[in-house]
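What follows is a set of notes on a single structure, which appears directly below.
The values are calculated or read from the model by the stated rules, or taken from the named source; none is laboratory data. Only a predicted model underlies this, so the values are computations on that prediction, with no experimental measurement involved. Neighbour counts are summed over all protein chains in view; Cβ atoms, including those assigned to glycine, are modelled from backbone coordinates with ideal geometry. Each accessible area value is taken on the protein alone, full model and side chains, heavy atoms only, with ligands, DNA and RNA left out. Shrake-Rupley method; radii C 1.70, N 1.55, O 1.52, S 1.80 Å.
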Number of protein chains: 2
Amino acid sequence: MYVILVYDMDGKRVGKMLKLCRRYLSWIQNSVFEGELTDIQLKQLKSEAEALMSGKDSLIIFKNRDQKWLDKEVVGEERASIDNFL
Amino acid sequence: MYVILVYDMDGKRVGKMLKLCRRYLSWIQNSVFEGELTDIQLKQLKSEAEALMSGKDSLIIFKNRDQKWLDKEVVGEERASIDNFL
């Protein structure tokens with residue numbers, strides 16, 4: 001499935017979350033990632049993220065069966081894009 | 001249409017972008033918003049955002065005809081939710 005992930009972490013844990021998310025998804029903007037994951041990969045990512053998270057840390061995952069249902073538009077500078085990998 | 005908006009702005013312009021986005025959408029996490037917009041509202045929002053943006057500022061808008069095509073899952077603390085308004 002197609003996944004958009006955004007996190008809001010305490011400064012001390014940001015680096016670890018960034019590394020974790022990069023293993024599963026493509027970075028598109030400050031604390032925003034996207035990519036295709038299987039159910040199992042998403043479960044693993046969530047479980048690893050939960051182990052890192054603490055206090056007021058927050059993680060939001062938007063899931064869509066197919067990327068074609070979602071249009072993406074970038075205004076200003078495009079930092080990175082999954083398009084490079086497709 | 002259902003819209004997810006994420007921005008990455010230089011510190012000096014963050015406050016203005018936050019205010020602008022709040023006028024159109026619901027804040028759900030640090031620099032992440034969601035909500036229902038008409039084509040005209042989205043056009044207005046983009047035009048006002050572009051007027052604020054400068055340098056390496058970046059704005060990504062995910063659009064979907066219907067929110068039902070997108071599942072949202074929150075891990076950790078839920079900061080705010082459009083559900084309050086529905």
Of the conditions (1) open to solvent by less than 10 Å² (accessible area, probe 1.4 Å); (2) at pLDDT below 85, B:Glu77 fails just one. Which one is it?
-> (1)
Find the residue count for segment A:1-28, including only residues that are surrounded by fewer than 16 Cβ atoms within 10 Å (Cβ to Cβ), in contact with a Lys or Arg (Cβ under 9 Å, 6 or more places away or on another chain) and either under 15 Å from A:Phe62 (Cα atoms) or of a type outside the set (D, E, K, R) (or both).
-> 1
Residues being open to solvent by 40 Å² or more (accessible area, probe 1.4 Å) and either within 10 Å of another protein chain (Cβ to nearest Cβ) or not in a strand (DSSP E or B) (or both): count how many of those fall in segment A:29-45.
-> 7
